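The values are calculated or read from the model by the stated rules, or taken from the named source; none is laboratory data. This is a predicted model, so every value here is computed, not measured. So basically every Cβ, Gly included, is an ideal-geometry build from the backbone, and we count neighbours across all protein chains shown. What goes into the accessible areas is simple: the full protein's heavy atoms, side chains included, and nothing from ligands, DNA or RNA. Shrake-Rupley method; radii C 1.70, N 1.55, O 1.52, S 1.80 Å.
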Amino acid sequence: MLINFDIKKLDNLLYDFYSITGITVSVWDSQINQLSFQPKEMRSFCRAIRSTPKGAQLCLESDRALCKECGKTGKAVSRYCHAGLIDTAVPIKFKDTILGYMMFGQIADKPSKDVRPFLEKVSKQLNLDCDY
């Protein structure tokens, strides 16, 4: 089933969701192409990772793999991304057909003092000079 998302309305809806929850959110079509996301200004850690070609590729691969897994199960799926943060994908369905995916993420499930060594490791792998 082909569906046309109204991107302007979708942007507004996702912005409202983000404003209320503070959780990053995105919508992907059934072919796993990102249609919209909020906030448009990514959090500093994710922005730093995506500033490198390798980091941007790893983020995209991680997001697409999560959507594919969600598509196979037809249910919400949560897992750690390549950078150690939790992402969740939920299928957008009509009857038994998946129309797309809604993704929530970049959530840390540990205190910042416990995450710091992992963030430093990822930064080093991508040759980022970050102070966390």
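Annotation: per residue accessible area for region 1-46 equals 65 Å², rounded to a whole number [probe 1.4 Å, protein chains only]. Among the listed pairs Lys40/Lys124; Lys8/Lys54; Lys40/Lys72; Lys54/Lys75; Lys68/Lys93, those with a Cα-Cα distance over 20 Å are Lys40/Lys124; Lys8/Lys54; Lys40/Lys72; Lys54/Lys75. Each of Tyr15, Ser51, Gln38 was scored by the projection of its Cα onto the charge dipole of region 1-67, and the greatest displacement toward the positive side belongs to Ser51; charges sit on the C-beta of Lys, Arg, Asp and Glu.
Carbon and sulfur atoms: what percent of the 1.4 Å accessible area of region 52-106 do they account for? Exposed carbon and sulfur together represent 57 percent of the surface.
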